[in-house]
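**Q** Okay, handing you the structure first.
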Amino acid sequence: MNDRSRGDAEGRRASPVARMEADWGSVTVLSAAVMAALVVLAMGASDVARVLHAASRAQTAADAAALAAAQALAIDEPGPEPTELAGEYAVRNGAALETCACDRGTLEATVTVRLPVATCSSSRGTER
């Protein structure tokens, strides 16, 4: 084997290493893009979790308000109106009563409450 063919063979063996070193910068860019995508996905997931938590708390407040109003309708004694009781229980659960279809003489109470998503980020029990 002559010196020229030996040099070509050595050059071919060294070329993958040189090519790998040249690709190191693209791995950094790809890693940065993947990290940015993961951050965006994590932020989106946290927003979805916050909305689901708010929906759960709103459902709890609506259930408590409806049960309080239904109990006042079922007992039918003098005292606070079912709408007032529903509003009180909604506020106790961090929501605001929007509507209450709880007429005297019926045994059915249907309520609608509003609970902003932003209030769910505060810790429970710090404000009374």
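**Q** Taking 0.36 nm per residue of sequence separation and subtracting the Cα-Cα distance, how much length would be gained by fully extending the chain between GLU77 and ALA118, in nm to one decimal?
**A** Working: separation 41, 0.36 × 41 = 14.76 nm, distance 3.82 nm.
That pair, GLU77 and ALA118, stretches by 10.9 nm at full extension.
**Q** Using mean Cβ contacts within 10 Å as the protection proxy, how do 89-100, 52-63, 70-81, 37-48 order, highest first?
**A** Working: 89-100: 18.4, 52-63: 16.6, 70-81: 12.3, 37-48: 10.1.
Highest-to-lowest ranking by the protection proxy: 89-100, 52-63, 70-81, 37-48.
**Q** Go ahead and run the numbers for FRET between ALA37 and VAL91, Cβ-Cβ distance against an R0 of 41 Å, rounding to 0.05. Don't skip to the end; give the middle numbers.
**A** Working: r = 42 Å, r/R0 = 1.02.
Efficiency, rounded to the nearest 0.05: 0.45.
**Q** Taking the alpha-carbon centroid of each part, what is the distance from segment 27-46 to segment 99-114 in angstrom?
**A** 47 Å
**Q** How far apart, in nm, are two points set 7 Å out from the Cα along the Cα-to-Cβ line at VAL27 and at ALA49?
**A** Output for this residue pair reads 3.2 nm.
Every number in this text was worked out from the coordinates using simple rules, so none of it is lab data. Values in this document were obtained by computation on a predicted structure and should not be read as measured data. Cβ: placed from backbone, ideal geometry, glycine included. Neighbour counts: every protein chain shown.
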